[in-house]
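Encoded as structure tokens, the structure appears first; notes follow it.
The values are calculated or read from the model by the stated rules, or taken from the named source; none is laboratory data. A quick note: this is a predicted structure, and the numbers were derived from the prediction, not measured. Counting neighbours? That spans all protein chains shown, and the Cβs are built from the backbone with ideal geometry, glycine included. Just so you know, the surface numbers come from the protein's heavy atoms only, side chains and all, with ligands and any DNA or RNA stripped out. Shrake-Rupley method; radii C 1.70, N 1.55, O 1.52, S 1.80 Å.
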Amino acid sequence: MIKNFFKRFYLVLICVILYAPIITLMVLSFNSSKSRSKWGGFTTKWYVELFKNNSIMNALYTTLIIALLSALIATILGTAAAIGIQAMRKKMRTVVTGVTNIPMLNADIVTGISLMLLFIACRFSLGFKTILIAHITFNIPYVILSVLPKLRQTNVSTYEAALDLGASPLYAFFKVVFPDILPGVSSGFLLAFTMSLDDFIITHFTKGPGVDTLSTKIYSEVRKGINPSMYALSTLMFLVVMILLLLINMNPDEKAAGAKNAKISKVASQHPKLRKFRKVMMSRVVPVCMVVLILAGGIFYGIRSKSSSDKQVIVYNWGEYIDPETLDMFEEETGINVVYEEYETNEIMYPKIQSGAIAYDVVCPSDYMIQRMIENNLLAELNFDNIPNIKNIGSTYMEHSKEFDPENKYSVPHLWGTVGILYNKTMVDDPVDSWGILWNEKYKDSILMQDSVRDAFGITLKYLGYSLNSTDLDELTEAKNKLIEQKPLVQAYVVDQARDKMIGNEAALAVIYSGEAITCQLENPDLEYVIPKEGSNMWIDSWVIPKNAKNKENAEAFINFMCRPDIAKMNFDYITYSIPNEEGRKLLDPEYRNNPIVFPDDKALENCETFKFLGDENDAIYNELWRQVKSK
């Protein structure tokens, strides 16, 4: 009795460990609140949004199409390669087999970077084709590994006998050899399909703008605070897999069924039509339906993805930094298709622009990064005849822009703001007017820091009484030591994730951008934002056009569109970041137009500075010191 109890308890425990995360995910898919830690009531809106969300659905279709095509092509090439290897002499076969196994043992990141560099060297534009080639490349060894053992089990004499009887080599292969190796070929295909479906790292390095698989899409969503539609998608995928497993298990092998359960076998034998129906369903109908679904999705995706180079603009922007509806409006009004891609930090964006691997048309870097891009000759001068709406940008912001774009030739301000402290009034009982509170041990494991080298060092330098653009090694070393001292108190280094954590009361204090503070306050009224007395960073993010842009006039049309007052207001309403568009500000609701967080007064900004590019040498010093902080 006790033994049976422990057996059941063990089984239940294993099920809880395996399925608790999935059940949690399924519950969150019906939570009306975007916060993972706050239940906002039951809803099905995330499932509705899932099928309305073109980016997620396109990622799903792309994932399935690439997995199917790469698995099919890799299976054909891998099977042919396995046949060739099997025909070699023993020593050569051993050497070649070892060589084909290397990609499977190699780290994915090495394979991904190597393929990316190869594509750049061959001047391939990163996109759907490069992902497909990459997936075929890393899938072939798995197919060879699956097919070779079956080839070793085949009888060569049977094949030769077929040839002696007059069969052609091709006919003899498909009639004699192929049936014997079919299980290996099928296993290779399924393994390749699974590997392709699950891959992230290689896809991440070989994908281009506007092309996402589920893995890369989920990664980008997690970096900025995951969209609840992802919960809905994951729930549906789990249910589909579960249904397929149930259907498969409803059609057991007859011999196995007879050996294990004579009663089931007897019932099955009395219903041959039902048995035949199940067999046909599982072996033909279900696979055909899956292929049709994938191809239909691919056709749908292809139709929606306009690829005419003279009618598109490729935009590279921060995550959650524009109202998606404005992109639809731009496409409708101009007939120019927008290919939109997001990044998390300036430091992630810059290498892509510098490498020239992808020709983006419009990018939205921060002030100091724009200065760096100008100095490294990466930006094209703007033709302001194509951007007449620049008149709506306030003169104050155009003057500030001269700090990083001296002649205002390369950039147009898009959004601006400050960096400050967001704190929870119910969790913090000390005055919050200084950066020093971020070093208060009372709030250990409840502090969120920005995962950005310039922001982290900037606030520390200001707290120590130095300029956030300091290049003095002693000052920077002091700041590094201060950050290392703070590290045990920090719950996490985050970018956009600070928003969800503060809304969900998961932390007491967070270094955050002013626009994020407004969004957080709307969801959680216990939150307050302050610019510390030591001063902070006043930043400006601006539209620029890389020098290798292929659609410059379309890019200028896009920038001009974003400078319209009504579009500026839409962007503010969506992301609540301060707009430099004076005419657009007049359209805002009074509660925002005069809000000190959105538009702080001169006194709050008197100790604030704008980041400047400090040169590649100093930039390397900052990065090395930041690496030391993060590695401690």
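Observations on the structure shown:
- Amide H within-cut-off set for Ser434, under 5 Å, with H built and near neighbours excluded: Lys533
- About the Cα centre, charge dipole magnitude for region 1-61 (Lys/Arg +1, Asp/Glu -1 at Cβ), debye: 220
- DSSP-defined beta bridges in the chain - what % are antiparallel, rounded to 5: 55
- Ala172 sits among other residues whose Cβ lies under 14 Å from its own Cβ, and their net charge, with Lys and Arg +1 and Asp and Glu -1, is -2.
- Solvent exposure, largest accessible area first (probe 1.4 Å, DNA, RNA and ligands not counted), of Glu582, Glu332: Glu332, Glu582
- The residues of the chain present an accessible area of 50 Å² per residue when probed at 1.4 Å with all protein chains retained.
- Net charge of Cβ neighbours under 12 Å - reference Ile393; Lys, Arg +1; Asp, Glu -1: 0
- The trypsin sites (Lys or Arg not before Pro) of region 432-523 that DSSP puts in a loop, and whose beta carbon has at most 13 other beta carbons within 10 Å, are Lys444.
- Contour excess over end-to-end distance, with Cα ends at Met242 and Gln628 and 0.36 nm allotted per residue: 134.3 nm
- Projecting the Cα positions of Leu588, Leu625, Asn4 onto the charge dipole of the chain (unit charges on Cβ atoms of Lys, Arg, Asp and Glu, taken about the Cα centre) puts Asn4 furthest along the positive direction.
- For Asn317, distant residues with modelled amide H under 5 Å away: Glu341, Glu342, Tyr343
- The structure-derived value of Rg and Dmax of the Cα atoms in Å appears in the list (i) 28.1, 94; (ii) 29.5, 97; (iii) 23.5, 73 under the label (ii).
- Gyration tensor verdict on region 496-545 (Cα atoms; rounded if a/c is under 1.5, prolate if a/b is larger than b/c, oblate otherwise): oblate
- When +1 charges are put on Lys and Arg Cβ atoms and -1 charges on Asp and Glu Cβ atoms, the dipole computed for the chain relative to its Cα centre reaches about 5040 debye.
- Largest to smallest accessible area among Trp416, Trp318 [probe 1.4 Å]: Trp318, Trp416
- Modelled spin-label separation between Val27 and Phe6, with each label point placed 7 Å from Cα along the Cα-to-Cβ direction: 3.1 nm.
- Whole-Hz ³J(HN,Hα) from phi, Karplus 6.51 cos²θ - 1.76 cosθ + 1.60, for region 9-19, glycine and proline x: 4, 4, 4, 5, 4, 4, 4, 5, 4, 6, 10
- Relative contact order of region 521-632, defined on C-alpha pairs under 8 angstrom at six or more residues apart (%): 33
- For Val490, nonlocal amide neighbours, meaning residues 5 or more places apart or on other chains whose placed amide H falls under 5 Å from its own, are Asp445.
- Quarter of the Cα convex hull surface for region 497-632, i.e. its orientation-mean projected area (nm²): 11.6
- Extension gain (nm, one decimal) between Thr94 and Asp573, 0.36 nm per residue minus Cα-Cα: 166.0 nm
- Surface composition of the chain: carbon and sulfur make up 60 percent of the accessible area, probe 1.4 Å.
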